[in-house]
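Q: Here it is, the structure, as structure tokens.
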Amino acid sequence: MRHSVYVLSLLGFSLACRGQQAPAPARSQAINTQLVWFDEFDGSTLGRPGVPRPDATRPDTARWAYDVGGSGFGNNELQFYTRNRPENSRIENGVLIIEARKENWENRNYTSAKLRTKGKVEWKHGRVEVRAKLPAGRGTWPAIWMLAAKEPLVWPNDGEIDIMEHVGYDPGVVHGTVHTQAYNHVKKTQQGAQITVPDFSTAFHVYAIDWTTDKIDFKVDGKTYFTFDKESYGKRYEQWPFDQPFYLILNLAIGGNWGGQKGVDDAIFPQRMEVDWVRVYQ
């Protein structure tokens, strides 16, 4: 399942590994085709392909940070997100496992993990691809998404890009959505679309966005199923806050305002989201 790609120039690779953008190539090149950041979950040391990390069974802390807690995260979610706990986040056979479990932890009845690149690396525009297999079962709510790196973040004003969301009570329906001050689920004006992925829990698929200065294309396995563009939706900040750096988030929530609309089936646990690789191009 390894599809390692080490095609950066030496200078570009070095900059990318320090969370910086590689310089634009001197010759003309198509938009968002230069690999600037990746995690193949092969246990290699960041910046030194092929050199194993001592903690190769855990997510690479040079690439990922943990969002920890059981506050509900604004959505009345039921899980407690743990930090660096192998039961909830680990690497197996070159794949990142984010696992939700039915267990008591810090006054919550479920545990899971939420990984993010915040403070490690952020990007302004680019193509973000995540090859993943999703969990199944009522009450699961996996997500691959992005938030603005702006501090302090004001939601939804500063924007949210949901590359992939799936709720277990509606199996196979994958959602791609944006939230802004003008367009968000609180106002019921969020903008997005859905695509059916029948084997979402048994096969890996590439969930992606292609994000430029003018539009964001949402894709599954290279097929565009929704486009959010300035021309159609507006260019003001309240409509398009997407000309600033964003960071990436991978998480598996349980229950919540959306994922828990039809309850949680406790017989399904443990459930996992598996991530084969993450790649970012600019």
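The values are calculated or read from the model by the stated rules, or taken from the named source; none is laboratory data. The model shown is predicted, which means the values in this text are computed figures rather than measured ones. Cβ placement follows ideal geometry from the backbone for every residue including glycine, while neighbour counts extend to all protein chains displayed. The accessibility values were calculated without ligands, DNA or RNA, using every heavy atom of the protein model including side chains. Shrake-Rupley method; radii C 1.70, N 1.55, O 1.52, S 1.80 Å.
Q: Can you compute the modelled spin-label distance between Phe73 and Asp55, with each label point 7 Å from Cα toward Cβ, in nm?
A: 2.0
Q: Going 7 Å from the Cα of Ala62 in the Cα-to-Cβ direction, what parts of segment 256-277 have a backbone nitrogen less than 17 Å from that spot?
A: Those under the cut-off are none; the list is empty.
Q: Quick one: net charge of Thr202's neighbours, Cβ under 12 Å, K/R +1, D/E -1? Could the numbers behind the result be given before it?
A: Numbers: positive: Lys133; negative: Asp199, Glu274.
Its environment carries a net charge of -1.
Q: Treating only the Cβ of Lys, Arg, Asp and Glu as charged (+1, +1, -1, -1), what charge dipole size does segment 119-228 show about its Cα centre? Round to the nearest 20 debye. Numbers along the way, then the final one.
A: On the way: 12 positive and 13 negative charges, 13 e Å.
With Lys and Arg at +1 and Asp and Glu at -1, about 60 debye.
Q: Do any of Lys150/Lys230; Lys215/Lys262; Lys188/Lys230 go past 23 Å between their Cα atoms, and which? Before the final figure, lay out the partial values.
A: Numbers: Lys150/Lys230 21 Å; Lys215/Lys262 34 Å; Lys188/Lys230 20 Å.
In this structure, Lys215/Lys262 lie more than 23 Å apart at Cα.
Q: Relative contact order (percent) for the chain, with alpha-carbon contacts under 8 angstrom and 6 or more residues of separation? Kindly include the intermediate steps, with their values, before the conclusion.
A: Details: 706 pairs, mean separation 71.5, N = 282.
Reported relative contact order: 25 percent.
Q: Remind me, relative contact order of segment 138-221 in percent, using alpha carbon pairs under 8 angstrom and six or more residues apart?
A: Numbers: 152 pairs, mean separation 18.3, N = 84.
It comes to 22 percent, rounded to a whole number.
Q: What aspartates and glutamates could a cross-link reach from Lys223, if we take a straight Cα to Cα line under 17 Å and drop same-chain neighbours fewer than 8 places away?
A: By straight Cα distance, Lys223 reaches Glu129, Asp162, Glu165, Asp199, Asp210.
Q: Using a 7 Å offset from Cα along Cα-Cβ at Val186, what residues in segment 97-122 end up with backbone N under 16 Å from the label point?
A: The answer is none.
Q: Using label points projected 7 Å from each Cα along Cα→Cβ, tell me how many nm separate Lys150 and Asp170, to one decimal.
A: Label at Lys150, label at Asp170, 2.8 nm between them.
Q: Where in segment 193-233 is the amide nitrogen less than 15 Å from a point lying 7 Å along the Cα-to-Cβ axis of Asp243?
A: 212-216, 229-233
Q: With contacts defined as alpha carbon pairs under 8 Å and 6 or more residues apart, what's the relative contact order of segment 22-179 in percent? Please list the in-between numbers first.
A: Numbers: 244 pairs, mean separation 24.1, N = 158.
Reported relative contact order: 15 percent.
Q: Around Gly255, what is the net charge, scoring Lys/Arg as +1 and Asp/Glu as -1 over all other residues with Cβ under 15 Å from its Cβ?
A: On the way: positive: Arg101, Lys102, Arg108, Lys114, Arg138, Lys262; negative: Glu77, Glu103, Glu165, Asp170, Asp265, Asp266.
So the environment of Gly255 carries a net charge of 0.
Q: Enter the accessible area of Asp42 (Å², nearest 10), with the probe set to 1.4 Å and all protein chains included.
A: 60
Q: Among 198-205, 235-242, 275-282, what's the highest-first ranking by average C-beta atoms within 10 angstrom per residue? All intermediate terms of the calculation are to be shown ahead of the outcome.
A: On the way: 198-205: 15.2, 235-242: 17.5, 275-282: 21.2.
Peptide ranking by packing, descending: 275-282, 235-242, 198-205.
Q: Stretch Lys223-Asn157 to full length: gain in nm at 0.36 nm per residue minus the Cα-Cα span?
A: Numbers: separation 66, 0.36 × 66 = 23.76 nm, distance 2.87 nm.
My answer for the length gained is 20.9 nm.
Q: What accessible surface, in Å², does a 1.4 Å probe find on Asp266, ignoring ligands, DNA and RNA and rounding to the nearest 10?
A: Asp266 has an accessible surface of roughly 80 Å² with all protein chains in place.
Q: For segment 127-140, what does the Karplus curve 6.51 cos²θ - 1.76 cosθ + 1.60, with θ = phi - 60°, yield as ³J(HN,Hα) per residue in whole Hz, taken in order and with x for Gly and Pro?
A: 9, 10, 10, 10, 8, 9, 10, 9, x, 10, x, 5, x, 7
Q: Set the Förster distance to 45 Å, then compute FRET efficiency between Ser232 and Glu106 from the Cβ-Cβ distance, nearest 0.05.
A: On the way: r = 44 Å, r/R0 = 0.98.
Step by step, r from the Cβ atoms, then E = 0.55.
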